[in-house]
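K.L.:
Below is a structure I'd like to ask you about.
Bear in mind these aren't lab numbers, they're just calculated from the coordinates by the rules spelled out. Computed from a predicted structure; not experimentally measured. All Cβ positions, glycine included, derive from the backbone under ideal geometry; neighbour counts span all protein chains shown.
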Amino acid sequence: MRLKDKTALITGAASGFGRGMAELFAAEGAKVAIVDLNGEGAAQVAETIGTAAMAVTCDVSKAEDVKSAVAASIAQLGHLDIVVNNAGFSHPNQPIMEVDEATFRKVYDVNVLSIFHMTKTVVPHFRSRGNGVILNVGSTAGLRPRPGLTWYNSSKGAVNVMTKSLAVELAPDKIRVCGLAPVMGTTGLLETFMGMPDTPENRARFIETIPLGRLSDPKDIAQAALYLVSDEAAFITGVILEVDGGRTI
């Protein structure tokens, strides 16, 4: 098992990519904290996984919630080896002038400020242990932006740059920081990203832009995440791994 005796905290893990990671990490031997604003959903995922999982309700945009989630995870799991900043939010695909300030702020609070809070909270713990892995889930939107999601795109661009900068700054502490850049996938945000009804015709138009000919799914992202957080990637830090079927080429 590739994560035997490891522990991981994953945000946004009640559904989608986060749930896929939680299930795979647990199958590979890790104990996992399922952290999500949807506490009921987190509990259901933890129950499905079994004794290797715990559920924590948390608003990742709030510092005190993040501190409490990390503390609860350490108390139950004993320590943390891995933190995955997966929780995300997007405004609907629409022209820039139609997105109001409150929505813009929420995009940045969930996608960017959350990583600030998690870093400030978990790095002292990792430093005390002499190692740790942070995995930030960005997006192809931060690498190959297109009209309609400008403010969301910019937030994921920030995630990508933070990942690289954190990797350099935390390397002396033996803390690795990597990122994932998934293409649009079969998650609850799909229709938001498309900006149109999720019909077979509209999906087909988007899929035509992906050389490998399909959307991503949670298993794709989970398998890439598993590699980056495992000891197999011990000499890899600062990378943004595109899991996109060739979309960003």
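K.L.:
Listed highest first by mean packing, meaning other Cβ atoms within 10 Å per residue, what order do 221-231, 132-142 come in?
P.N.:
Going from most to least packed, we get 132-142, 221-231.
K.L.:
Let me ask something additional. Mind listing the long-range amide H neighbours of H91? Cut-off is under 5 Å, sequence gap 5 or more, other chains count too, H placed in the peptide plane at 1.01 Å from N.
P.N.:
HN-HN under 5 Å from H91: Y152.
K.L.:
Enumerate the amide H contacts of L180 below 5 Å, restricted to partners 5 or more residues apart or on another chain; note that Pro and chain-start residues carry no placed amide H.
P.N.:
N136, V137, G138, L241
K.L.:
Hey, what number do you get for the chain at 222 nm if only DSSP H runs of n ≥ 4 count, each worth -39500 (n - 2.57), divided across all residues, to the nearest 500?
P.N.:
Counting only the DSSP helices, I get -13500 deg cm²/dmol.
K.L.:
Given 0.36 nm per residue, what is the gain on full extension from A171 to Y227 after removing their alpha carbon distance, in nm?
P.N.:
Value of the extension gain: 18.3 nm.
K.L.:
DSSP H helices in the chain with Cα extent of 18 Å or more along the helix axis and mean Kyte-Doolittle hydropathy at least -0.5?
P.N.:
Taking the DSSP H segments of the chain (at least 18 Å long, mean hydropathy at least -0.5), we get 63-77, 114-129, 150-170.
K.L.:
Going down the table (K31/K156; K6/K174; K62/K219), which pairs top 19 Å between alpha carbons? Display every interim value, and only then the final one.
P.N.:
On the way: K31/K156 28 Å; K6/K174 16 Å; K62/K219 29 Å.
Violating the 19 Å limit, Cα to Cα: K31/K156; K62/K219.
K.L.:
Taking amide H positions as placed 1.01 Å from N in the peptide plane, with prolines and chain starts having none, which residues 5 or more places from I10, or on another chain, fall under 5 Å of its amide H?
P.N.:
Residues meeting the criterion, in which the H sits 1.01 Å from N, are A33, V35, V84.
K.L.:
With an 8 Å cut-off on Cα pairs and a minimum separation of 6 or more residues, tell me the relative contact order of the chain in percent.
P.N.:
Relative contact order of the chain: 20 percent.
K.L.:
As an exercise, use a Förster radius of 22 Å and the Cβ-Cβ distance of E101 and R146 to find the FRET efficiency, rounded to the nearest 0.05.
P.N.:
The computed FRET efficiency comes out at 0.45.
K.L.:
Which log10 I(q)/I(0) values does the chain give at q = 0.12, 0.15, 0.16 Å⁻¹ under the Debye formula, counting every alpha carbon as one identical point scatterer?
P.N.:
The computed values of log10 I(q)/I(0) come out as -0.64, -1.02, -1.16.
K.L.:
To continue, here is another question. Between Q44 and T186, what FRET efficiency follows from the Cβ-Cβ distance if R0 is 25 Å, with the result rounded to 0.05?
P.N.:
On the way: r = 19 Å, r/R0 = 0.76.
Taking R0 as 25 Å, the efficiency between Q44 and T186 is 0.85.
K.L.:
When ranked by the protection proxy of mean other Cβ atoms within 10 Å per residue, highest first, what sequence do the peptides 56-64, 24-32 form?
P.N.:
Order by mean packing, descending: 24-32, 56-64.
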